[in-house]
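The values are calculated or read from the model by the stated rules, or taken from the named source; none is laboratory data. Here the structure is a predicted model, which is why all the values come from computation and not from measurement. Heads up, the Cβs are rebuilt from the backbone with ideal geometry, glycines too, and the neighbour counts pull from every protein chain shown. Accessible surface areas use protein heavy atoms only, side chains included; no ligands, DNA or RNA. Shrake-Rupley method; radii C 1.70, N 1.55, O 1.52, S 1.80 Å.
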There are 10 protein chains.
Amino acid sequence: MEFLVRSENRLPVDTPAERREELRAGERARAVELRAAGVLKRLWRVPGRNATIGLYEAADPAELHDALMSLPMAPWLDITVEALATHPQERQ
Amino acid sequence: MEFLVRSENRLPVDTPAERREELRAGERARAVELRAAGVLKRLWRVPGRNATIGLYEAADPAELHDALMSLPMAPWLDITVEALATHPQERQ
Amino acid sequence: MEFLVRSENRLPVDTPAERREELRAGERARAVELRAAGVLKRLWRVPGRNATIGLYEAADPAELHDALMSLPMAPWLDITVEALATHPQERQ
Amino acid sequence: MEFLVRSENRLPVDTPAERREELRAGERARAVELRAAGVLKRLWRVPGRNATIGLYEAADPAELHDALMSLPMAPWLDITVEALATHPQERQ
Amino acid sequence: MEFLVRSENRLPVDTPAERREELRAGERARAVELRAAGVLKRLWRVPGRNATIGLYEAADPAELHDALMSLPMAPWLDITVEALATHPQERQ
Amino acid sequence: MEFLVRSENRLPVDTPAERREELRAGERARAVELRAAGVLKRLWRVPGRNATIGLYEAADPAELHDALMSLPMAPWLDITVEALATHPQERQ
Amino acid sequence: MEFLVRSENRLPVDTPAERREELRAGERARAVELRAAGVLKRLWRVPGRNATIGLYEAADPAELHDALMSLPMAPWLDITVEALATHPQERQ
Amino acid sequence: MEFLVRSENRLPVDTPAERREELRAGERARAVELRAAGVLKRLWRVPGRNATIGLYEAADPAELHDALMSLPMAPWLDITVEALATHPQERQ
Amino acid sequence: MEFLVRSENRLPVDTPAERREELRAGERARAVELRAAGVLKRLWRVPGRNATIGLYEAADPAELHDALMSLPMAPWLDITVEALATHPQERQ
Amino acid sequence: MEFLVRSENRLPVDTPAERREELRAGERARAVELRAAGVLKRLWRVPGRNATIGLYEAADPAELHDALMSLPMAPWLDITVEALATHPQERQ
């Protein structure tokens, strides 16, 4: 099933640049893995914000939760999830 | 997977009593079927309101949607759904 | 550019069934055209609601507006639009 | 009587790992006791968040308050409570 | 247990004066009964609005619900309920 | 005149236990005085929160303000006040 | 004591012009009386809306309520009231 | 001074096409006049909605109010206004 | 033109008493000047809060902004401004 | 395409004056560049707040995002963006 996931990044502004870059690199690497696994299907930036909107696929909300918590930035992310129902136009 | 479902009933106050009773009877009958099918697991009233909170189980959001739309009162219900993740304390 | 489009359908409950079906058929037909044109890329149902979330692509907000207003159901839709920025992970 | 309890965990991100684990272990232990006592009936995770939704039973709101405050994590929890009315379909 | 009950009266402005007065008289009479029964303990007007705030006492939310629904004006009332916990300062 | 007063206690979690207890003791002592003076008429806990709802009586909003500011915990309280109008059912 | 009063006028758009003018004339006449009585001290329009913000003075919320309900337009007004506390800078 | 003006058009969906066109034509004509007078400086559509955002200039809020109320569609518009302060970067 | 100005004071609770008193004294002195200049016309306390509602008069929003920023407490104030339109009842 | 951009400046109050002035100077310099490039078209202050409303033009949301992130103050800005559709009255 698919989920729409909004994520606001609350990493403090005064986080040292090195730590920030380390987290971002880890985030990118983990995102690549989640894409390869078919969990992360699309990702957009919310213009003007340190925030993203993502389209995810997972077996159920618990599996989605585990995927999101596996992101290195997870402790600083304020995430909201909407479960999406397949539209009849897209069923076959 | 389980869902928390809030439902506000917007049936107009001036609906004829006969029609209203017919809808309520149909609602009760369909709820019995959904309980028997294991879709409707718990149902509460929101005190003071013509509204309910229900705990539902369905294979995915689309199946839940179809179950909710099968309620005779559905056209007048303002429904919001939250997908729930199984808590590790309840997994085995 | 891509847009996330939420649409709540406010068609009155007492709309005659024939009129309602005519509108739905027109809606489906127009959606097929918008998909073929690459404007409507994905569509989901919000579970429990007469509402959808869609992923659209258009040259700019004015073109998106015209596409949305071309839906036969448009006069009854309460639509909100978010412009999405391409994420660096998806640029090449 | 039953209550629906939402709880957002605001424990600061920079809490030392040891202290965090100690609190979590205490939380789990206390939850087991509350389940055994019939106070905590169900618990779910809100996907993507350090938050839970729980179904509790207590004699009255004061007893529920005391149960919630007995959780080791209580000082960091942002809790909201809804009192649920038994639905006639579930009375006998 | 005690409850704080807010009630907004949505009776349509164009309700005939006779019907309106009949409802108000019924409301007053039922309120007198609920006071005598110890269910309605205090009642205030929200200044400037056709709305009240009431302090009620009932065995549980279901009993409160039945009391509120027994008001002749109930079909037009938009009610929200908060369950109140006895404060330690008032326990003995 | 009467006021409904909601108060959320924002005292930081890391306040030393001794300071916290000193403030609570002062709060209780001042509450006793306000009750004796007829200013604080009822007090409830909001279940699950470090928050209260109180029924106060004062000559006017300025006098109420001074009473609330006299609470030792006042600098940490997030207070909202509603002025209540006597209901005709309670006038004589 | 003084109150800040916001009032949104919900008179239906299709009210006959004659009835509308009659109500407006009555509203103006009653406002003149409330000014003369010292109850209505200032009145502003919210630009772009059929709405006003007023500064009122009354002995208590119940007296204010009666003054507001005496306006011929009252059944169509959506009013919210804030009780204002005299600021020490303006006490003498 | 300049104002940012949001306007949601609430003209009922079932307004006869002729009446609707008459109103729209009047709206366009009045807008042309307001532009010529330097009152309406820019106008945008909110994509997906029957709504606009406009940049207006007027001597004060009362003059702006009169300009907005002069629109033939005004009785059906839900308008909110923000007064804008000239930014030092644009003063000379 | 007149403005309604709400101001929440966010000065940290742990500001040293001396610094706090210095700021308050400066605030009072500046308020006296703004009153003398006809900019600050009325000021009220929001009961229960470290907050005020003020009625200001200024040539335009930029002049109002400068007046508000001239308050010594300005860096800690969370201010919202509404531009008020003169009501026809008060024009002559 | 054009965007309406709201920006609240959350730079901490206790930022050293020198650092604050350096950031402001950088902000002004970058704004001049964005104006010269036709990206920043208008800028207003929200009266009473350390906040602005701006009218921007960019090829798409990603280009706008990059422009906004190029502001030296960006890490402290809480920005929200609305994509504006050209109004037919302004197309030619």
Determine the dipole magnitude for the protein assembly as shown: charges of +1 sit on the beta-carbon of Lys and Arg, -1 on that of Asp and Glu, nothing else is charged, the reference point is the Cα centre, and the result goes in debye to the nearest 20. 0
Quantify how strongly other chains surround peptide G:6-19 by giving the mean number of their Cβ atoms within 10 Å of each of its Cβ atoms. 1
Residues whose placed amide H lies under 5 Å from that of E:His87, excluding near-sequence neighbours: F:Arg45
Could you tally the net charge around E:Thr86, taking each other residue with its Cβ under 12 Å from the Cβ of E:Thr86, Lys/Arg +1 and Asp/Glu -1? -3
Probe radius 1.4 Å, ligands and nucleic acids ignored: give me the carbon and sulfur share of the accessible area of the protein assembly as shown as a rounded percent. 52
Taking region D:8-54 and dividing mean pair separation by its residue count, relative contact order in percent (alpha carbons under 8 Å, at least six apart): 37
Let me check against my output: what whole-number percent is the relative contact order of chain A, with C-alpha pairs under 8 Å and at least 6 apart? 49
How far, in whole Å, is the closest Cβ of chain F from the axis that maps F onto G, and which residue does it belong to? F:Ala83, 2
So for F:Thr52, B:Thr80, what's the accessible-area order with a 1.4 Å probe, most first? B:Thr80, F:Thr52
Heavy-atom accessible area of G:Lys41 with all protein chains present, probe 1.4 Å, nearest 10 Å²? 70
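Hey, got the dipole for chain D? About the Cα centre, +1 on K and R Cβ, -1 on D and E Cβ, debye to the nearest 20? Kindly include the intermediate steps, with their values, before the conclusion.
Details: 13 positive and 15 negative charges, 71 e Å.
With only Lys, Arg, Asp and Glu charged at Cβ, the dipole is about 340 debye.
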Using a cut-off of 14 Å between beta-carbons, work out the net charge of the residues near E:Thr15 (Lys and Arg +1, Asp and Glu -1, E:Thr15 not included). -2
Gyration tensor (alpha-carbon) shape descriptor, the protein assembly as shown, a/c threshold 1.5: rounded
Roughly how much of H:Asp60 is accessible, in Å² to the nearest 10, using a 1.4 Å probe? 50
What is the average number of partner chain Cβ atoms found within 10 Å of a Cβ in I:72-80? 3
Integer Hz, Karplus 6.51/-1.76/1.60 couplings in order for region A:74-83, x for Gly and Pro: 3, x, 9, 8, 9, 10, 10, 10, 10, 7
Across region E:7-15, in residue order, what do the Karplus-derived ³J(HN,Hα) couplings come to in whole Hz, using 6.51 cos²θ - 1.76 cosθ + 1.60 with θ = phi - 60° and x for Gly and Pro? 9, 9, 8, 9, 4, x, 4, 8, 5
Distant-in-sequence amide H partners of D:Gly48 (H built 1.01 Å from N, under 5 Å): A:His65
Give the Rg/Rh ratio for region J:19-92, taking Rg as the radius of gyration of the Cα atoms and Rh as the Kirkwood radius, to two decimals. 0.99
Residues meeting the amide H criterion for H:Val39 (H placed from the backbone, H to H distance under 5 Å, 5 or more places apart or on another chain) are none
Taking chain B as the reference, fit the longest principal axis to its C-alpha atoms, fit the long axis of helix B:17-36 to the helix C-alpha atoms, and give the angle between the two in degrees, 0 to 90, nearest 10. 20
Rolling a 1.4 angstrom probe over the protein heavy atoms, how many square angstrom per residue are accessible across the protein assembly as shown? 46
Those lysines that a straight Cα-Cα span of less than 27 Å connects to D:Lys41, excepting residues fewer than 8 apart in one chain: B:Lys41
